[in-house]
Amino acid sequence: MNPQFISALQNVILILQCITLVASVIALIIALGRNVQKPNKIQNDRITELEEWRKQVDSRLEQGNSHFDSIDEGNTVMQNSMLAIMDALISGDNKAELQKQRNNMYEYLTKKGGIHHD
């Protein structure tokens, strides 16, 4: 074989090997970039889900607190009414306090939609 042809063939093979090496390095960099970004995407998606869940929980807690305030108000009305009844039973003369607490209970129940008082 011709030594010049062999030398030219070796040069072509060398150039093709360099091209293959550069393409392999580029492919490796791209794959590495994807693998580096993947945990960030997973983490960001999870944070977004947790933030949405937190908004829902905060909303439910706010509704619950409002509900508990309503229950506390009802308990106060009931306890004051019971005290007035007990005082009337003990002293035998507490009509004004009984009427006041009855009116408070009517007001509370009317506000809650429990009864309609004329």
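Throughout, read-outs are computed from the coordinates displayed, never taken from laboratory work. Here the structure is a predicted model, which means the values were calculated and not measured.
Summary table
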{"quantity": "Label of the coordinate-derived value, Cα Rg over 2.2 N^0.38 Å, listed as (1) 3.06; (2) 1.14; (3) 0.94", "calculated": "(1)"}
{"quantity": "Degrees separating the helix 3-91 axis from the principal Cα axis of the chain, which is the longest one", "calculated": "0 degrees"}
{"quantity": "Ellipticity estimate at 222 nm from DSSP helix runs (n ≥ 4, -39,500 (n - 2.57)) divided over the chain, nearest 500", "calculated": "-34000 deg cm²/dmol"}
{"quantity": "Tilt relative to the chain, helix 95-112 - C-alpha long axis, 0 to 90 degrees, to 10", "calculated": "30 degrees"}
{"quantity": "Under 21 Å from the Cα of residue 111 - lysines, other chains or at least 8 residues apart", "calculated": "100"}
